[in-house]
Amino acid sequence: MRAVIQRVKKANVRVDGKITGKIQQGLCVFLAVSPTDTDKEVAWMAEKIAFLRIFEDENAKMNLSIQDIKGSVLAISQFTLYGDCGKGRRPSFVQAGAPSMAKRLYTQFTKAFDAWHIPVQTGIFQADMQVELINDGPATFIVDTPNTAPVPTTERNEKAQNKFDKEAALLRRNLQLRKQQQEAKNG
């Protein structure tokens, strides 16, 4: 799974001239699904984005997450993120997931943010969309799930899986700590 994340002042998406999703300050997330992605990658990506500290604090340091600023997410499906332009003049999209599988995982991704009370707006899957945004910074980040890059050997597969599992465990631990801090703060 691959995401291009843009920190925005505001953003909207139109289909057939009608706005289908609109946010103020937050993140515009362009998301692509690969053929090997599963529910595990969806959970990892949503959690990664929910806790990614890319908004500036009072000292102008990137230290705040989308939750900290009470922002929103505009999630746009974009299979072209897996376009391979390495050969010839036309991109190859063989690394992109099949539409039926990609739609299910994209929908699951957009709903995953409910766990952190982050509002999400969307475009329409497989529609011709026009996205308008004001990039804040500009600040744009690319996030790939650990299994995204093709790994030729079993040893490398095990290393990638171990890295993925460690990062997922760390994100879960951080989520638990934040919940405990919030509960203590609320009394």
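The values are calculated or read from the model by the stated rules, or taken from the named source; none is laboratory data. Being a predicted model, the structure only gives us computed values, none of them experimental. Neighbour counts are summed over all protein chains in view; Cβ atoms, including those assigned to glycine, are modelled from backbone coordinates with ideal geometry.
State whether the residues of region 134-151 include one that is in a loop (DSSP other than H, G, I, E, B), more than 22 Å from GLN176 (Cβ to Cβ) and among the aromatic types (Phe, Trp, Tyr). So far as region 134-151 goes, no, none of its residues is in a loop (DSSP other than H, G, I, E, B), more than 22 Å from GLN176 (Cβ to Cβ) and among the aromatic types (Phe, Trp, Tyr). Give me the residue from region 102-133 that is part of a helix (DSSP H, G or I) and hydrophobic (A, V, I, L, M, F, W, C) and, out of that set, farthest from ASP39 (Cα to Cα). Here the answer is TRP116.
Tell me which residues, restricted to region 18-66, are assigned to a loop (DSSP other than H, G, I, E, B) and more than 19 Å from ASP144 (Cα to Cα). Within region 18-66, GLN24, GLN25, ASP57, GLU58, ASN59, ALA60, LYS61 meet the criteria. Residues considered: ARG2, ARG14, ARG7. Of these, the only one that is modelled with pLDDT of 95 or more, farther than 17 Å from ASN147 by Cβ and within 14 Å of the chain's Cα centre (by Cα) is ARG7. Pairs are defined by a Cβ separation below 9 Å, a sequence spacing of at least 6 or placement on different chains, a first member in region 161-187 that is aromatic (Phe, Trp, Tyr), and a second member that is not in a helix (DSSP H, G or I); the pairs so defined are PHE164/THR145; PHE164/PRO146; PHE164/ASN147.
Put simply, of ALA46, ALA75, ALA98 the only residue that is touching a Pro at 6+ places or on another chain (Cβ under 9 Å) and among the aliphatic types (A, V, I, L, M) is ALA98.
Going through (1) acidic (Asp, Glu); (2) in contact with a Phe, Trp or Tyr (Cβ under 9 Å, 6 or more places away or on another chain); (3) surrounded by fewer than 20 Cβ atoms within 10 Å (Cβ to Cβ) one by one, GLU47 falls short only on (3).
Restricting attention to region 113-124, the residues being more than 18 Å from GLY17 (Cβ to Cβ) and surrounded by 14 or more Cβ atoms within 10 Å (Cβ to Cβ) number 5.
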